[in-house]
Structure formats: C-alpha cells, structure tokens
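Values quoted throughout were computed directly from the atomic coordinates according to the rules given, and no laboratory measurement underlies them. Everything quoted here is computed from the prediction, not taken from an experiment. So basically every Cβ, Gly included, is an ideal-geometry build from the backbone, and we count neighbours across all protein chains shown.
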Amino acid sequence: MRNRSLLILTSVLTTGALTLTACGSRDDGNGDKGGDKTTVVIGVDSPTSGDLSALGLGIKNSADLAAKTANKEEYVKGIEFKIEALDDQAQPNIGQQNAAKFIGNKDVVGVVGPLNSSVSQSMQKPFNDAGLTQVSPANTGTELTQGDGWKTGDSKRQFKTFFRTATTDEIQGAFAANYLYNTAKIKSVFLIDDQKTYGAGLAASFKDTFTKLGGKIVGSDHVNPEDRDFNAVVTQVKKTGADAVYYGGEYPAAGPLSQQLKDAGNKIPLMGGDGIYSGDFIKLNKKAEGDLATSVGKPVEQLDSAKKFIADYKAAGYKDAYEAYGGSTYDATWSIIEAVKIAVEGNDGKLPEDARAKVLEAMAKVKFTGVTGDVSFDEFGDTTNTMMTAYQVEKGAWAPKFSEAVKPQS
Amino acid sequence: MNELPQQLANGLILGAMYGLIAVGYTMVYGIVQLINFAHGEIFMIGGFGALTIHLWFPDAPLLALIPLMIVFAVICSVAVGAAAERFAYRPLRGAPRLAPLITAIGLSLVLQQAIWKWYPDATKDQPFPQFEGDPLSFLGADIKVNSLFILIAAPICMIALGYFVNKTRAGRGMQATAQDPDTAKLMGVNTDRIIVMAFAIGAAFAAIAAVGYGLHQGQVGYLMGLIMGLKAFTAAVLGGIGNIYGAMLGGIVLGLAEALATGYMADVPGMDLFGGGAWKDVWAFVLLIVVLLVRPQGLLGERVADRA
C-alpha cells in the first residue's frame, strides 16, 4: 500500500514540478549615460528563451535599436531612452510577473510586447489598472482589442492601455483563406490548431472565410503545442485526402508537423499564420518547400521605409535576426517614443509628472511613417495598417508572393 | 483506404521509444525503490550527445556516423546517470524516500537548465540529421526509413537485457539485490556496483531511445525529456514497475493507445468532441487508471505488491 501512495504522491509532485518552469529574467539595458537628461524606460517583454526565442530575440533587439536611434538623433530633446527587456518564456504567468515589475518601476512609461496573445491576456489588466501603455508588435488575437463580441459585430474596446502594430487574426485568417482559395486554387483543407489563444482564433477566422468562399474543411483536429510526434494526426489527414493543411499555431510544432506530413507521402502544403513565418520553421523542417504563411505588413525588405531599419540593424551587429516582428517592434517602440515626444513638448520640454497618463493620452495622436508603413491606431487600439503578405518557402527561404491591404468585412 | 495499419505502426514506433526509456525507470525502481525523475533528462542528454557528433563531423555520411553517435550518446548518458547515482542518490540511500525523490526532481531541472545555458544555441530546438529516402510499405503501413532505427534497436536491446539479467553473473546479482539487498550483500554481492550498473543500463537504453527520437522527429530540444520522461514513467507503471518486460509492454500499449485515440476516438458516437490529437494524453491516462484499478500491480507486475 505504501508503495502505491508513494506513486500517487510522486505523480502529483511531478505535475507540480512541470508547471514550475525555472523563472529567470535577464535584464539588460543599454548603457545609461545619465548627464542632465531625464531617463525614460521602455519595457520590452518577449520570450528570449525557449522554443519561440528566435522571434523573441528579434523583438528585443529591434526595440533596442529604436531606443538607440532615438538617443542618437536626440529625437526627443532632454530625454534619454533606455530599454528594460524581460523574458516571459511564452508563459502567461511569467508575463504577469513581468508586468508587475514594469508597473513597479516608476521610470517605465510604456511597454513593448509581448509576442503571444495568451501572454498578453495576462498582462492587459494589470497595465490597464496602472494606466501604463502597452504596444504589442505581434499579438494578433482579435478579442484582445475588440472583445469576444467581434464575431457577432459587437466589438468593444477592452483595455484603454492596449495598442498593437500587428493586425488582427480576423484579417489574417480571412486573407489566408482568400489566398488559398483564389490564388493557390485549393478547395479542400484539413484544419489543425494548437488550442492556444492565437492558434485557435486564427484557425476559426480562416474556417469562417474559407467556407464562405465555398471551400471545404474536410476534417479538423487539435494538437498540443508541446507535442513533436504528429504521425497519428498525419494519418488522419491522409485519410481525408485534403489538398492542404491549415495550421493555427507556431513553428516549434508546425515544423515537425509539416515534415511528418510529407514524410508520410502527402504531397500537400501546410499553411499557417505569422506564427510559422520564421527562419526556424525551415531549419526544423527538412521538407518545408512549398509551405505557405501569411504575415502582417509588407515584407520589410520591399518597403523603402524599411531600408534604413535593415541597414541600422545590420550595423548594430545583433547576433540574432530581426525575424517576423522586427519592423513592427521598431514601430511599436517608436510609437511610444513619439508619444513621449508629444507629452514632453506639451509640457515645455520637460517630462510631465504624470508621464504615464500623458503618454497614454498621446498614443491616440501618434501618426508617423514607420518601418511597416504609416502607423496610427484606431478606436480599438488596433493598427490602421492592414497590409498582409503571403509567403511561400522556395529554395529553403520564405519568398513573398502577394501583398494586399485587407478591408475588414463586417 | 484503411488507415488502421498505419495508426498501429505510428503507435508501435512511439511505444518502442517509451518502452526503452521506461526500462530505466523500472530497473532503478526494482532495485532501490527510487523513482529517478531525472531519467527524462538523461534521455535528453543522450540526444544532445548524438547531436554533438553530428556537429563535429557535419559532412560525414550519416550511416557511417550513426554508430559513433550511438556510442557517444551512450557515454554521455551513462556518465550523467552514474554521476547522479554517485553524488545525488547514494548519500541519501538511508534517508526517507521523499528525500531522493525531491532530489531527482531538482536534478532534472538542473540538467535541463544546464543544457539550456551551456550547450551552444540549445535555447531553441535543434535540427537532428536524418536519412533521405522513401518510406517502406509494410502490410499497409508506410514506415519511414528514419523510424526503422527504433523498431530494430528496441527488440535487440530487450533481448540483450533479458540475456544479461537471466544468464550472467552480474544479472543474477541484480535479481538478488532486487529481491533482498541485505541478504544479497551477505552472500557477497557488491550491491553498490549493482546499483550503479542499473543506473548505467537504464541510461544507455535512454541514450539509444534518444538517437531513435532524433532520427524519427528530426530535432532535439532541451525540453524533450520532460514529456517523454513522464510518458515513459507512465509506461513503466502501466506495465508493472520493477518488471523490465513490463516496461516495454507498457510503452507499446501506451503508444498504441495514443495513436488509436487520435485516430478513432472521434468516430465513437457521442465522443466527437473528445477525439483527436489534443485528447490523446487524456485517453492514455484513462487507460492507465483503468489498468491500475483492475490490476494495481500493472500489467506484468507481481513483486511490487508484496514489497514495501
């Protein structure tokens, strides 16, 4: 008997241990010069370790670059910008701890991040209560700004402090469905998602538009984002004879899923959203050729406004690539810098006492031409830039295929 | 098209992997009644050991490299497993059972974070080399060339282990230690050596499973031991912890259960919400609970019931 209760106890303990991932945060700001300048801190929250670190490090570096550029150009007189970057490991609970840290630091006037919509959900409320501006470069979950009512046309602003430079899943899913049905001429799709806020939302909005267009969803399944063996699901896909798989989720699972799909003899592409638009998707997937992804904005390489960003990023010598969200992160950071400028100029060139409130107020007035195009925010805090691009893997790299500014349908 | 053979093959491949790892849990438990929760990480270290060889010789043909990868993976895993026994568990051998258990959980976190921190670029999943080639058709199932490794390695390992435990002097010493360590000691069995040996064999099997995992999945990551370790532990309990054949049987049953739950649960009337890849773990654990209710000692377990 004692043995069995020991086994039970052990199982309980392990489950507990599994949920306790090591909490480590890596603060590193760039050198603080001080002097007679007022230092303003912009927080950055992204997963810089773990599966999604490729995207997370791109975010951290791009925010750092924006702050450095503003300092070098003395864009806001008398203000020195400093980045405080925290690692959320893509975990909502760690994101929440980071939010508390940012709120506790009085010098923080705005936060850029996070990457994951699920993490954002845990940060929105604390930021809202503290009146601290948050601009996400990557959250595409529609309900983050518009609430659960968006599906029925009853959109309501959720948090006055939340803004984003990435467009919504509603737009992204619709764009993907349009591209697949009209351009790639694929009429039957097997739908898979990873049950996270981002993946499930994206898959749902894809399904909506795809069936409206006349396409057929021949089967659907959900997987766990930590899984790496998808052979059983792949067998199901094969049975239905679908012409493509649409995956709502991120590249750590999408890479092996796509490879196992093709290993099993399915000659069909996998399509996903901006969560799989990463160089690591191709690195972890030896048969990525022909796979599709959509991402927000135009490819930064194609935009004139982005050339400077790319050159500066290279010159700054960051070890990691800027990845999918480099441009939108730079713009998100810049929007806070712009808001600080408005606040400072409205206060005789000095940082106002209630800096957080003034910055938040200024966010609605922010308007500039950034890396991804014209940046401004609508009444929900969403970006007014709805440019989307479809990419396909060609010769081991993502190649842009088609860009369009999507009109939200309502 | 009938996909049952394919699902059975999927389950068998996964199950063989679980089984090989489960042997490590079961052998250690059979001899020292310790659940070595760091075993999943020992598996993970085997995977990184094999990857290291590939990174050292990136241009060598994979077929020629495989033996070297296996050897180095085994060396890494065994070294870590034996060191864990010597420095983490042996000092606690007389302590209450919870102490080594918690040590094991701590050790597992330490190993994970150590790889994360010091292995180059291990903060994200790393691609693992794979063979090119079309899948082989066998009784209606397509089996990837890369998955053959585990299907061949698992039976060979089990036969070798069976021979070792039953026919060799050290193996009989192991059985004696498992039955009654004090008496075995009196009879001249060096129990300390036997215990290290149990850890080492378990680690070696985990390393072989890790090479199979890398070939099958095409990637390794510092977190891969977490889920695989937990599943293998489940397999060991399912098969009857303490019984080496039970570990393999438990692994295969668990793998098949997962594949079949993914494939067919949604077709059962009224269950369409509970099928598919997201629910496979739930069904695997439902199976575990049912088996433990009917046979608390596990499928092949016998000794465990009268110990403790």
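Worth pointing out:
- Evaluating 6.51 cos²θ - 1.76 cosθ + 1.60 at θ = phi - 60° for every residue in region A:243-248, the Karplus couplings come out as 8, 6, 10, 9, 10, x Hz, glycine and proline recorded as x.
- Within the listed set A:L65, A:L292, A:L213, the residue fluctuating most in the Gaussian network model of chain A (springs between alpha-carbon atoms under 10 angstrom) is A:L213.
- Cα-only Debye scattering, region A:98-172: base-10 log of I(q)/I(0) at q = 0.18, 0.23 Å⁻¹: -0.65, -1.00
- Reduced Cα scattering model of the protein assembly as shown, Debye log10 I(q)/I(0), q = 0.07 Å⁻¹: -0.52
- Share, in percent, of DSSP beta bridges within chain A that are antiparallel, nearest 5: 35
- The string of couplings for region A:156-163 from the Karplus curve (6.51, -1.76, 1.60, θ = phi - 60°) is 10, 4, 8, 9, 5, 9, 9, 10 Hz, one whole number per residue in order, with x for Gly and Pro.
- Cα pair distances exceeding 13 angstrom across region B:66-124, given as percent: 69
- Label point of A:V218 set 7 angstrom out along Cα-Cβ; within region B:1-41, amide nitrogens under 15 Å from it belong to B:1-3.
- Inter-part distance where region A:220-299 and region A:88-136 are each reduced to a Cα centre, Å: 30
- With both residues required to sit in the protein assembly as shown, DSSP beta bridges show an antiparallel share near 40%.
- Relative to one another, the C-alpha centroids of region B:69-143 and region B:6-48 are positioned 10 Å apart.
- The local environment of B:P181, defined by Cβ-Cβ distances under 11 Å, has a net charge of -1 under the rule Lys, Arg +1 and Asp, Glu -1.
- Evaluating 6.51 cos²θ - 1.76 cosθ + 1.60 at θ = phi - 60° for every residue in region B:292-301, the Karplus couplings come out as 5, 5, 7, 10, x, 7, x, 4, 10, x Hz, glycine and proline recorded as x.
- Between 0 and 90°, nearest 10: helix A:251-263 axis offset from chain A longest Cα axis: 20
- On Cα atoms only, tilt of A:304-316 relative to the major axis of chain A in degrees: 80
- Crossing angle, helix A:169-178 versus chain A [Cα axis fit, 0-90 degrees, rounded to tens]: 40
- Prolate/oblate/rounded call for region B:1-122, Cα gyration tensor, a/c under 1.5 rounded: oblate
- Residues whose placed amide H lies under 5 Å from that of A:A85, excluding near-sequence neighbours: A:D28, A:V44
- Taking the Cα centre of the protein assembly as shown as reference, the dipole from Cβ charges on Lys and Arg (+1) and Asp and Glu (-1) amounts to some 1620 debye.
- The trypsin sites (Lys or Arg not before Pro) of region A:59-114 that DSSP puts in a loop, and whose beta carbon has at most 11 other beta carbons within 10 Å, are A:K77, A:K106.
- Nitroxide proxy distance, nm - points 7 Å out along Cα→Cβ at B:D134 and A:D148: 5.1
- Likely footprinting exposure, A:D274, A:D378, fewest C-beta neighbours within 10 Å first: A:D378, A:D274
- Ranking B:G242, B:P269, B:V253 by how far each Cα lies toward the positive end of the dipole of region B:205-308 (charges on Cβ) leaves B:G242 at the top.
- Of the beta bridges in region A:43-198, as assigned by DSSP with both residues counted there, near 0 percent are antiparallel.
- Residues A:S49, A:S136 in ascending order of nearby Cβ atoms (within 10 Å, fewest first): A:S49, A:S136.
- When A:S258, A:S62 are sorted by how many other C-beta atoms sit within 10 angstrom of their C-beta, beginning with the fewest, the order is A:S62, A:S258.
- The spacing between region A:139-174 and region B:179-237, judged by their C-alpha centroids, is 49 Å.
- Rounded to 0.05, the FRET efficiency of the B:A82 and A:K308 pair, given R0 = 51 Å and the Cβ-Cβ distance, is 0.35.
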